[in-house]
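The values are calculated or read from the model by the stated rules, or taken from the named source; none is laboratory data. Keep in mind that what you see is a predicted model, and the values were worked out from it rather than measured. In this analysis, Cβ positions are derived from the backbone assuming ideal geometry, glycine residues included, and neighbour counts consider all displayed protein chains.
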Amino acid sequence: MIDDPMIWEKVPLIQSGMHPEILKILNVKEGLISYHDFFEEDGSYKLQEKIRSAQMMNPKDQGVFEKALIKIDEKVNIANMIFSGRLLRILPVEQDDNHTWISPLDVREAPDHFNPFIRDYFKQYLEAIDESRNTQDWSKPNALLDRLSEYQYQVNREVLPSSAQVKAELFLNDWNIFGKLRNVYGLFGIISLFAFLGSVLFHKWDRVRIGKIGFLILLISFIIHTIALALRWYISGHAPWSNGYESMIYIAWTTVMAGLIFSRTSLGGLTATAVLAATVLLVAGMSWLDPEITPLVPVLKSYWLTIHVSMEAGSYGFLMLGAVIGMLNLLLLIFIKEKIKSASLLL
């Protein structure tokens, strides 16, 4: 995309699931649209005036249209940064107290400010890529990537993640542990729900024995969940509850912990725990929650992140589990027969 922006600007790659009025302004249909569709023939930005008006509004006064405008404008800006090369901040500046990393575009704008390696690197890399497309021999661009990696480590090793952290993050991404745990909790919750209803209504199953098996399954899942959270903590260098995604996977963890503590002998309680944990992880997996591991924003660089936020966010799991168990008990007391009301209280 950086090497051949004129071609890629016309490729549909920006999701246009947006407000109908925006689609009308752009004269496009809903779906993937190209970067080129956002501009007139003379190069002017079609949304410029609308965006300016939306950004001048107080956030609380912004409607659905204004919020959709700002969101699609962010996507266009990201695409622009990709095509120009500004997004690719891969070059650390030597002897910089702020550990600044720059992009190839920054180098092109002020080449005399940088050493020969930074000044010539990206040009050499693109030339090597073009050559390798014809020869199918990728050894030269690969060697240039190795040189860049060595340079990055030499200049800014103190801000780079260690090789162990990189491997841990790759492992976490490849295995998709939280997605798999969502499936395990959900499947166990559905099976144990039928088992619980059968034991209460028809007395066909040994609830205590099934409860012990369910406790073991949840315990093993909880241990894996704990290890995954610990890995995320190790990778990021801070407590894994600093954004929306991390808060959800942490709340799911405290939900399971609450169930293991207070419902270890109750099949109904374990069922509620599994269903609730699966639901929370399902929300965490939705597209509007970004699972990316990023540095902390300045306002969260405090020990209160570990102390206050962990207690405040963690309490949601206990609260939700108590509420769900209470509602299930009320439903059972309303609908089941008088002779088995005592059984429902074991939930």
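Taken across region 293-315, residues that are buried (at least 16 other Cβ atoms within 10 Å of the Cβ), touching a residue at least 60 places away in the same chain (Cβ under 8 Å), in the same structural domain as R232 (by TED's automatic domain parsing) and assigned to a loop (DSSP other than H, G, I, E, B) do occur, with at least one present. The set of residues in region 171-217 being aliphatic (A, V, I, L, M), modelled with pLDDT under 90 and over 15 Å from L260 (Cα atoms) consists of L193, A195, L197, V200, L201. For the residues A252, A239, A278, A272, the requirement of being on the phi < 0 side of the Ramachandran plot, touching a residue at least 24 places away in the same chain (Cβ under 8 Å) and touching a His at 6+ places or on another chain (Cβ under 9 Å) singles out A252.
Going through P5, P59 one at a time, which residue ends up being touching a residue at least 40 places away in the same chain (Cβ under 8 Å) and surrounded by fewer than 17 Cβ atoms within 10 Å (Cβ to Cβ)? First the steps, then the outcome.
Working: P59 fails: touching a residue at least 40 places away in the same chain (Cβ under 8 Å).
None of the others qualify; the one that does is P5.
Residue count for region 75-128 under the criterion of being in a loop (DSSP other than H, G, I, E, B) and in contact (Cβ under 8 Å) with a residue 60 or more places away in the chain: the result is 6. Of the helices (runs of 4 or more DSSP H) that lie entirely inside region 1-62, those containing 1 or more residues that are of a type in the set (D, E, K, R) span 20-26, 48-56.
Assess whether S149 counts as being touching a helix residue (DSSP H, G or I) at 6+ places or on another chain (Cβ under 9 Å), farther than 30 Å from G285 by Cα and not assigned by TED's automatic domain parsing to the domain that holds A278. Criteria not met by S149.
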